[in-house]
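The next block holds one structure in the form of structure tokens; read it before the comments.
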Amino acid sequence: MSLQTDAVLDMCRGIAPIRTAIVHPVKPNVIEAAEEAVRAGLIEPVMVGPRAKIEAAAVEAEIAISAWQVIDTEHSHAAAAKAAELAAGKHVDAIMKGSLHTDELLGAIVGASSGLRTARRISHAFLMSIASYPKPFIITDAAVNILPDLAVKADIVQNAVDLWRLIYGNTVPAKVAILAAVETVNPRMPATIDAAALCKMADRGQITDCLMDGPLAFDNAISIEAAREKGIVSVVAGNADILVVPDIEAGNMLAKQLTFLSGAEAAGIVLGARVPVILTSRADNERARLLSCALAVLLADAHNRGMIK
């Protein structure tokens, strides 16, 4: 266990379990994930999908679900739409992905008629902790936005900063590193142009509550020695709290490399909608699933208390 991410679970103590629509939970691993979160006191599941398949999955997982609410739908598409409807009507506080494609779930959430859209673009954030770095950090966006433009990147940054402030408070601004392959602006490398523009947006108050620098190569963002070797003078370089990747491929590969080769813990959450969205994966271990649910609890509580619009 990591003492760094245990704090996220500790922050959930005293917060009531959140009603969570689990969309199309027709595989045993999804039922198992829900049961783990119930035992941890994090969620109250509302199973949305074909009742017969849900009950068959529960039998296969050897988990009793008679105390859980089940809302019968015909198929996964209908389940996603129903979950969005429940969330828009404030009948549930969060949504969890079950056995359906991420695009299908998010399509129901971001649809113009869903009632779940905000002024922000939705984005994904991994809260990560690894022994070789002295503090937790966020990688964004590694799961939702494929090739974000400058405006989308601004929302990605602000979503991540708001998550950071929710967890770690307002006393110290989040240090945001905009990643690229190099640490200098190169007109032939669009990621470096976006990085420079994002930094100026922060200077002008278009992105708030953070200290930002970029472009920064990954080594310069997380290693003070590497930054010094390059002569980079920055409060962010070597000390980043949030790593903003140029596209989904870079982010996905970075996050999975840190998880599977370096033993990092990762909790993932979708931000920018009116409710938090938990994107669980079959490859996630119990710890990762619980941490993701814990993030959803904190975000839902913040939404309910009006801390997040």
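The values are calculated or read from the model by the stated rules, or taken from the named source; none is laboratory data. Just so it is clear, the structure is predicted and the values come from calculations on it, not from any experiment. Cβ placement follows ideal geometry from the backbone for every residue including glycine, while neighbour counts extend to all protein chains displayed.
Assorted remarks:
- Set side by side, the residues GLU85, GLU32, GLU74, GLU60 differ, and just one is in a loop (DSSP other than H, G, I, E, B), surrounded by fewer than 24 Cβ atoms within 10 Å (Cβ to Cβ) and acidic (Asp, Glu), which is GLU74.
- Single residue of segment 285-309 satisfying the filter (in a loop (DSSP other than H, G, I, E, B) and in contact (Cβ under 8 Å) with a residue 40 or more places away in the chain) that is farthest from ALA16 (Cα to Cα): LYS309
Quick grid of which residues meet (1) of a type in the set (D, E, K, R); (2) under 20 Å from the mean Cα position of the chain (by Cα); (3) farther than 17 Å from ILE278 by Cβ; (4) in the same structural domain as CYS293 (by TED's automatic domain parsing):
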{"residue": "VAL8", "(1), (2), (3), (4)": "no, yes, no, yes"}
{"residue": "ALA33", "(1), (2), (3), (4)": "no, yes, no, yes"}
{"residue": "MET47", "(1), (2), (3), (4)": "no, no, no, yes"}
{"residue": "SER66", "(1), (2), (3), (4)": "no, no, yes, yes"}
{"residue": "LEU86", "(1), (2), (3), (4)": "no, no, no, yes"}
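- Some residue of segment 15-26 being surrounded by fewer than 16 Cβ atoms within 10 Å (Cβ to Cβ), more than 21 Å from ALA83 (Cα to Cα), in contact with a helix residue (DSSP H, G or I) (Cβ under 6 Å, 6 or more places away or on another chain) and not charged (D, E, K, R): yes
- Residues that are surrounded by 24 or more Cβ atoms within 10 Å (Cβ to Cβ), within 15 Å of the chain's Cα centre (by Cα) and either charged (D, E, K, R) or not in a strand (DSSP E or B) (or both), drawn from segment 222-272: VAL245, GLY251, GLY272
- Per-region count, segment 35-57, residues surrounded by 19 or more Cβ atoms within 10 Å (Cβ to Cβ), of a type in the set (Gly, Ala, Ser) and part of a helix (DSSP H, G or I): 2
- Qualifying residue in segment 153-166 (condition: within 23 Å of LEU9 (Cα to Cα) and either of a type in the set (Lys, Arg) or assigned to a loop (DSSP other than H, G, I, E, B) (or both)): yes
- For segment 17-30, taking the residues that are of a type in the set (A, V, I, L, M) and at pLDDT 95 or above, the one that is farthest from the chain's Cα centre (by Cα) is identified as VAL26.
- Whenever a residue of segment 212-241 is without any contact (Cβ under 8 Å) to a residue 12 or more places away in the chain, its partners that are of a type in the set (A, V, I, L, M, F, W, C), lying with C-beta atoms within less than 7 angstrom and at least six residues away or across chains, give the pairs ASP219/ALA226; ALA227/ALA237.
- Qualifying residue in segment 124-131 (condition: crowded, with 21+ Cβ neighbours inside 10 Å, under 16 Å from the mean Cα position of the chain (by Cα) and farther than 27 Å from HIS24 by Cα): yes
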